[in-house]
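Student: Dropping a structure here in structure tokens format, bear with me for questions.
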Amino acid sequence: MSTGGVYFDCVKWLAGPLDHVETLSITFKHLLVTSRHRLQQYSTGTSKLVRVVSMSDDMQLCHAVETSGDTFIVGYRTPLWHYGVSIM
């Protein structure tokens, strides 16, 4: 990868199956990968999958962040294109 003449080595960090990536969010302990219908939480130290949270089919995730209280704040869209933000 090149940025203005500077080259960086890319290393694949996650080996797990990723069907789609909407957004990434990181804390000191976890990387949160948001896909359309689930959240995947990985350890930043080992890159191992810690937890998967599946969403219902009527919620398409747009973005999520992990709180310090071990919950998630998620932004989502419904099939009727209504948007919402919830804590889980």
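The values are calculated or read from the model by the stated rules, or taken from the named source; none is laboratory data. Predicted model, so just to flag it, every value in this text is computed and none were measured. Ideal geometry is used to build each Cβ from the backbone, glycine not excepted, and the neighbour counts take in all protein chains shown.
Student: Do we find that SER2 is among the small types (Gly, Ala, Ser) and either surrounded by 10 or more Cβ atoms within 10 Å (Cβ to Cβ) or at pLDDT 90 or above (or both) in this structure?
Tutor: no
Student: Can you pull out the residues in the stretch 27-85 that are within 19 Å of PRO17 (Cβ to Cβ) and aromatic (Phe, Trp, Tyr)?
Tutor: Within the stretch 27-85, TYR42 is the sole residue that qualifies.
Student: If a residue has to be without any contact (Cβ under 8 Å) to a residue 24 or more places away in the chain and either under 16 Å from LEU24 (Cα atoms) or in contact with a Leu (Cβ under 6 Å, 6 or more places away or on another chain) (or both) to count, how many in the stretch 72-88 make the cut?
Tutor: Total meeting the criteria: 3.
For (1) over 22 Å from TRP13 (Cα atoms); (2) of a type in the set (D, E, K, R), each residue gets a yes or a no:
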{"site": "THR27", "(1), (2)": "no, no"}
{"site": "HIS30", "(1), (2)": "no, no"}
{"site": "LEU39", "(1), (2)": "no, no"}
{"site": "ARG51", "(1), (2)": "no, yes"}
{"site": "CYS62", "(1), (2)": "yes, no"}
{"site": "THR71", "(1), (2)": "yes, no"}
